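What follows is a single structure, written as C-alpha cells, with notes after it.
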Amino acid sequence: MRAAQERLRGVALHTPLVSFDFGALWIKAEGLQPIGSFKLRGAFNKIAQLSAAQRRCGVITYSSGNHAQGVAYAARALGVKAVIVMPSDAPQVKRTATQALGAEIVVVGPASTERKARAEELAAEFGYVVIPPYDDRDIIAGQGTCGLEIAADLPEVGLVLAPVGGGGLLSGVAAAVKLSCPEARVIGVEPELASDAAESFKAGSIVSFTGEQTARTAADGLRTQSVGALNFVHLQAYVDDIVTVTEAEIRQAMRRMVFGARLVPEPSGAVALAAALFHRERLPAVRTTVAVMSGGNVEPHVLRSILEEAV
C-alpha cells in the first residue's frame, strides 16, 4: 500500500478532511479528485504496473461510471488504449466524462454481471488486459491510500465510515486504517435497497442480489450485485460492521453536505454521512468520526431536485 502511495504521488490528490460538526465529524472529500471520485487511486495503481507488452494490448474494464473514468484517465496518462463496458442506465454525466478522456465505450444492460461477462469476452477476442473494478489486490491497495491519508491527517480518529459496493474502497480503507490506528473502528455503509454486502457480512458468506434489486437505489456507484471474493476476505478481517441507509436519508445527507460542508456529492458519496447523521444508535460512541465522500459525479437534474426539496 505504501508502494501504491508512491505511484500515485502527483497523480491522485491527497484530499482534505473537511470539518462538518466542529471537529467531531470530518468528511474525506474524494469528490475533489481529478475525475471526481476515489477510483483514480486503484485504476492508476493497477495500470502503472503493467508491462510494456501489456500496455500495447490496451486495457478493458466494466463500470457504471467512476471506475470507468479512473481507467480512462490513467490509460490516457500512461498512453494506453482503454475500452469501457458500461450499463445502459449509467448516468450521462459519467458516460460523457469517460468519452471525453478518450475511452471507447461499449453499452450493455443494467446488470453488473452482464457488463463483466462482455468485458471478458472482448478481452479474450482482442487481447485487452482486464482492469477489475474492485476484486484485485492492486486495486485494493490503490484505494487503501485513502485510508493511509485519513490515518496520517487524523491519527486520533475513532471511527471511519466508508461506502461499500463491490468492496474495493472499504477493504482498502479498512486495512489501512486498522493497521495504522489499531484502536479505530471501521464500518461500511450501503443503500438499504442494495444491501448485499450487509447481508454477506451477517451471513459470513457472499450473498448476491439481482440486477433488478440493486437498480432500485439512486446510488448508482453501489449497485454492484455482490462484493468481490478478495474484498470479502478483507471485510471479514478488518471491518467491524456494515450498516444500511434509506433513499430518503441519502438525499437528506446530500443536501446537508452541500449546505453544511460546501461539497457536492453524488448519491453514493453521501451514504457514509447519512449513517453518521441518522444511525448513531448503530455506531460506536467515539470523539472523532470520518465519513468518506467517495465521489461527486452527480447528474445535474438529480442535484437540482434535491436542492429544491423543502427542508
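Which entry in (i) 52, 40, 38; (ii) 63, 61, 30; (iii) 65, 47, 30 matches Cα extents along the principal axes in Å derived from the coordinates of this structure?
Answer label, from the structure shown: (i).
With the full set of protein chains in place, find how many percent of the accessible area of the chain is carbon and sulfur; take the probe as 1.4 Å.
Details: 6350 of 12150 Å².
Ligands and nucleic acids excluded, carbon and sulfur reach 52 percent.
Note the angle between two axes, namely the Cα long axis of helix 137-153 and the longest principal axis of the Cα atoms of the chain, as a number of degrees from 0 to 90, rounded to the nearest 10.
Helix 137-153 and the main axis of the chain meet at about 30 degrees.
So how far, in whole Å, is the C-alpha centre of segment 83-99 from the one of segment 261-303?
A separation of 23 Å, based on Cα centres.
Compute the signed sum of charges (Lys and Arg +1, Asp and Glu -1) over the other residues within less than 14 Å, Cβ to Cβ, of Asp138.
Values: positive: Arg2, Arg7, Lys39, Arg41, Lys46, Arg137; negative: Glu6, Asp135, Asp136.
Result for the neighbourhood of Asp138: +3.
Roughly what % of DSSP beta bridges within the chain run antiparallel, to the nearest 5?
Working: 4 of 33 bridges.
Antiparallel: roughly 10 percent of the beta bridges in the chain.
So, for segment 23-111, what is the accessible surface per residue at a probe of 1.4 Å, expressed in square angstrom? Present the calculation step by step, with values, prior to reporting the outcome.
Numbers: 2830 Å² over 89 residues.
For segment 23-111, the solvent-accessible area averages 32 Å² per residue.
Could you work out how far helix 247-261 tilts from the main Cα principal axis of the chain, as a 0 to 90 degree angle to the nearest 10?
80
Give a residue-ordered list of calculated ³J(HN,Hα) values for segment 6-20 (Karplus: 6.51 cos²θ - 1.76 cosθ + 1.60, θ = phi - 60°; whole Hz; x for Gly, Pro).
5, 4, 8, 4, x, 10, 8, 6, 7, 6, x, 9, 9, 5, 10
If exposed means no more than 15 neighbouring beta carbons inside 10 Å and the site is in a DSSP loop, what's the longest run of the chain without any exposed trypsin sites (Lys or Arg not before Pro)?
Formally, the longest exposed-site-free interval is 10-215.
Given +1 on the Cβ of Lys and Arg, -1 on the Cβ of Asp and Glu, and no further charges, what dipole in debye does the chain carry about its Cα centre, rounded to the nearest 20? Don't skip to the end; give the middle numbers.
Values: 30 positive and 31 negative charges, 167 e Å.
Its charge dipole is roughly 800 debye.
Place +1 on the Cβ of every Lys and Arg and -1 on the Cβ of every Asp and Glu in the chain, take the dipole about the Cα centre, and give the residue among Val233, Pro284, Gly65 whose Cα lies farthest towards its positive end.
Of the listed residues, the answer is Gly65.
Please give the helix 66-78 orientation as an angle from the longest Cα principal axis of the chain, in degrees from 0 to 90, rounded to the nearest 10.
Approximately 50 degrees, to the nearest 10.
Filter the GluC sites (Glu not before Pro) in segment 76-158 down to the DSSP loop ones having no more than 11 other Cβ atoms within 10 Å, then list what survives.
Working: sites: Glu104, Glu114, Glu120, Glu121, Glu125, Glu149, Glu156; in loops: Glu156.
Within segment 76-158, the qualifying GluC sites (Glu not before Pro) (loop, at most 11 other Cβ atoms within 10 Å) are Glu156.
Is the shape of segment 198-311 best called rounded, prolate or oblate, per the rule: a/c under 1.5 gives rounded, else a/b larger than b/c gives prolate, else oblate, with a ≥ b ≥ c the square roots of the Cα gyration tensor eigenvalues? Before the final figure, lay out each step's value.
Details: a/c = 2.18, a/b = 1.38, b/c = 1.58.
Verdict is oblate for segment 198-311.
Helix-derived [θ] at 222 nm for the chain: sum -39500 (n - 2.57) over DSSP H runs of at least 4, divide by residue count, nearest 500? Please report the intermediate quantities before stating the final value.
Numbers: 14 runs with 141 residues, N = 311.
Mean residue ellipticity at 222 nm (helix-derived): -13500 deg cm²/dmol.
Where only protein heavy atoms count, and the probe is 1.4 Å, what is the accessible area per residue for segment 152-311 in Å²?
Numbers: 6290 Å² over 160 residues.
Normalised by residue count, the accessible surface of segment 152-311 is 39 Å².
Could you pull out every residue, at least 5 positions away or on a different chain, whose amide H is within less than 5 Å of the one on Val129? Hs are placed 1.01 Å off N in the peptide plane, and Pro or chain starts have none.
Gly58, Val59, Ile60
Could you calculate the FRET efficiency of Glu121 with Ser180 from 1/(1 + (r/R0)^6), where r is the beta carbon distance between them and R0 is 45 Å, rounded to 0.05?
Values: r = 40 Å, r/R0 = 0.90.
About 0.65, to the nearest 0.05.
Grab the beta carbon distance between Ser208 and Arg2, set R0 = 45 Å, and tell me the FRET efficiency rounded to 0.05.
Details: r = 34 Å, r/R0 = 0.75.
The formula returns an efficiency of 0.85 here.
The values are calculated or read from the model by the stated rules, or taken from the named source; none is laboratory data. If you're wondering where the values come from, they're calculated on a predicted model, not measured in any experiment. Glycine also receives a Cβ, built like all others from the backbone with ideal geometry; neighbour counts cover every protein chain displayed. Side chains included, ligands, DNA and RNA excluded: accessible areas come from the protein's heavy atoms. Shrake-Rupley method; radii C 1.70, N 1.55, O 1.52, S 1.80 Å.
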